Amino acid sequence: MKKLLQKELKLSASVLSYLFIAFGLMAFIPGYPILVGSFFVCLGMFQSFQCTREANDITYTALLPVAKSDVVRAKYAFCIFIELCYFVLTAAVTLIRMVFLSDAAVYRQNALMNANFTYLAFVLVILGLFNIIFVGGFFKTAYKFGKPFVMFIVAAFLVVGLGETLFHIPGLSAQNAFGFTHMGLQAGMLAAGIALYVAMTVVSQNRSVRNFEKIDL
């Protein structure tokens, strides 16, 4: 499994998967829907799947002396690695804004989503949706990925829209809190985001393993 992950990181991955991790820095941008950065990192991983298909990498990997289930798990491990790198970067930016820039006028006057723990929860939801909709959809055939990615795009931007409108609803303005105010609420949202990400990823991986076992390569 370790060697399969190394193959994914060194041979199968598109360079865009690594470059697009930098979109975690978008959390610094005022007046911009910062949740869109989560979509871009998924777009980078999509490029890796495209390279995988064009190079017939799935068939090559399955011909190695490894279990078919490990082929799937290696792909998920690669996605989780990229997603965690992105999350750590955008979480670091979020903490900088919460600790040092919470009173900055450029952010206080911003009508869009603020960088806080609620934002991080929405990031995890989008990454989880990528795993369950796109990656899970890909492994239904181990070849077709257009329809799953379109479905993910729709779902991801619905979540972006929800995140940008949620705090405008009367009584929910605390979701866009600055600094460490309303920490109980924000921590609860982050915990829910973590739980949803883990659940979607685990369910998707288990389902993909079962689907891939049935595919005649």
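The values are calculated or read from the model by the stated rules, or taken from the named source; none is laboratory data. Keep in mind that this is a model prediction, so the values were computed, not measured. Every residue, glycine among them, receives a Cβ derived from its backbone with ideal geometry; neighbour counts consider all protein chains shown. Ligands, DNA and RNA are excluded from the accessible area calculation, which covers all protein heavy atoms including side chains. Shrake-Rupley method; radii C 1.70, N 1.55, O 1.52, S 1.80 Å.
Residues in the stretch 149-164 that are open to solvent by 10 Å² or more (accessible area, probe 1.4 Å) and either of a type in the set (A, V, I, L, M, F, W, C) or within 12 Å of Arg53 (Cβ to Cβ) (or both): Phe149, Val150, Met151, Ile153, Val154, Ala155, Phe157, Leu158, Val159, Val160, Leu162.
Considering Phe212, Phe152, the condition of being in a helix (DSSP H, G or I) and in contact with a Cys (Cβ under 8 Å, 6 or more places away or on another chain) is satisfied by Phe152 alone. Residues in the stretch 88-119 that are surrounded by fewer than 20 Cβ atoms within 10 Å (Cβ to Cβ) and not in a helix (DSSP H, G or I): 8 in all. Remark: pairs (first residue in the stretch 23-42, crowded, with 24+ Cβ neighbours inside 10 Å; second residue acidic (Asp, Glu) and in a helix (DSSP H, G or I); Cβ separation under 8 Å; 6+ apart in sequence or on different chains) = Leu35/Glu164; Val41/Glu83. Of all residues in the stretch 115-167, exactly one satisfies the criterion of being free of Cβ contacts under 8 Å to residues at least 40 places away in the same chain and hydroxyl-bearing (Ser, Thr, Tyr), namely Thr165. Of all the residues in the stretch 49-87, those that are modelled with pLDDT of 95 or more, open to solvent by 40 Å² or more (accessible area, probe 1.4 Å), in contact with a helix residue (DSSP H, G or I) (Cβ under 8 Å, 6 or more places away or on another chain) and among the aliphatic types (A, V, I, L, M) number 1. When each of Ala74, Ala67, Ala55, Ala111 is tested for being closer than 18 Å to Ala174 by Cα and of a type in the set (Gly, Ala, Ser), the lone residue that passes is Ala111. Looking at the stretch 120-137, is at least one residue within 24 Å of Phe49 (Cα to Cα), under 22 Å from the mean Cα position of the chain (by Cα) and loosely packed, with under 13 Cβ neighbours inside 10 Å? No, because not a single residue in the stretch 120-137 is within 24 Å of Phe49 (Cα to Cα), under 22 Å from the mean Cα position of the chain (by Cα) and loosely packed, with under 13 Cβ neighbours inside 10 Å. Are any of the residues in the stretch 177-187 of a type in the set (Gly, Ala, Ser), within 14 Å of the chain's Cα centre (by Cα), surrounded by 13 or more Cβ atoms within 10 Å (Cβ to Cβ) and assigned to a helix (DSSP H, G or I)? Within the stretch 177-187 (the criterion being of a type in the set (Gly, Ala, Ser), within 14 Å of the chain's Cα centre (by Cα), surrounded by 13 or more Cβ atoms within 10 Å (Cβ to Cβ) and assigned to a helix (DSSP H, G or I)), the answer is no, since none of the residues qualifies.
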